[in-house]
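Q: Take this structure first; my questions come after.
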Amino acid sequence: MTDATPPTPTPPGSPSEPTAPQAALADAVREIEHHVAAAGWDAPVRVFALVRTQAALAAEPGLADQLEPATLAAARASAWHLTSIEQEGLPAAPDLESLLAGLSWPPAVDGVAVTAERIVLPPAAEAAMPQDAEAALPWLLAHPQREDVRLAVGVLREGATWSVVRTRAHDSDDAVGQGADVVPGLVAALRATLD
């Protein structure tokens, strides 16, 4: 789940070389997770609209005054550079799935990202979890093999996906797992908000 070594460079033209949208999304999701991680654990779900920075600057020139010079330079160099905009005042929902089911985005939003904390168990332990919802939560919280994780997942309208996973037990920036297909269920729920 963790990857403490930097990725091996992919030769140009390789089929596994990320597209410009996927590379931009990966950068944006890593930045979002890093930002959320700075606030610590036990945080609520956070949702971010993703917009192409060049388009945002064209629509709102004053945004340039709020961005770091390095961010402006990166945005000018790449049409796919993304800016994340945290959404405040989200509607109340009993769970993440219900929250996402109630969201939709205007065409100016190129993608969406979410951060959420979850508890995971090894498959064998998960199979032994009580079926009763009232009994399951205390059982899960007390289980010695539980692992607290933070997920940061993003999708773009054009199809790119990226996920970052950080564990509480290995809470450091150089020990996060990441990839395009890490959390397929959450990716599908996010994609549905863009339809």
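Q: Residues that are at pLDDT 95 or above: find the helices (runs of 4 or more DSSP H) completely inside the stretch 25-102 holding 1 or more of those.
A: Because the criterion is at least 1 residues that are at pLDDT 95 or above, the helices (runs of 4 or more DSSP H) in the stretch 25-102 that meet it are 53-59, 96-101.
Q: Still on this structure, please answer the following. Are any residues in the stretch 111-133 over 30 Å from SER84 (Cβ atoms) and not in a loop (DSSP other than H, G, I, E, B), and if so, which ones?
A: First, pick out the residues of the stretch 111-133 that are over 30 Å from SER84 (Cβ atoms): 121-133.
Residues satisfying the conditions are PRO123, ALA124, ALA125, GLU126, ALA127, ALA133.
Q: Regarding VAL153, is this residue in contact with a strand residue (DSSP E or B) (Cβ under 6 Å, 6 or more places away or on another chain), hydrophobic (A, V, I, L, M, F, W, C) and modelled with pLDDT of 95 or more?
A: Yes.
Q: While we're on this one: Can you name the residue in the stretch 157-185 that is open to solvent by 20 Å² or more (accessible area, probe 1.4 Å) and of a type in the set (A, V, I, L, M, F, W, C) and is also modelled with the highest pLDDT among such residues?
A: TRP162
Q: Another question, then. Just to be sure, is ARG118 farther than 21 Å from THR19 by Cβ, at pLDDT below 95, surrounded by fewer than 14 Cβ atoms within 10 Å (Cβ to Cβ) and touching a strand residue (DSSP E or B) at 6+ places or on another chain (Cβ under 8 Å)? Break it down into steps so the answer makes sense when it comes.
A: On the way: farther than 21 Å from THR19 by Cβ: yes; at pLDDT below 95: yes; surrounded by fewer than 14 Cβ atoms within 10 Å (Cβ to Cβ): yes; touching a strand residue (DSSP E or B) at 6+ places or on another chain (Cβ under 8 Å): yes.
Against the criterion (farther than 21 Å from THR19 by Cβ, at pLDDT below 95, surrounded by fewer than 14 Cβ atoms within 10 Å (Cβ to Cβ) and touching a strand residue (DSSP E or B) at 6+ places or on another chain (Cβ under 8 Å)), ARG118 qualifies.
The values are calculated or read from the model by the stated rules, or taken from the named source; none is laboratory data. Predicted model only: the values in this text are computed from it and were never measured. Methodologically, a virtual Cβ is constructed for each residue, glycine included, from the backbone with ideal geometry; neighbour enumeration extends over all protein chains shown. When the accessible area is computed, the model is the full protein with side chains, heavy atoms only, and any ligands, DNA or RNA have been set aside. Shrake-Rupley method; radii C 1.70, N 1.55, O 1.52, S 1.80 Å.
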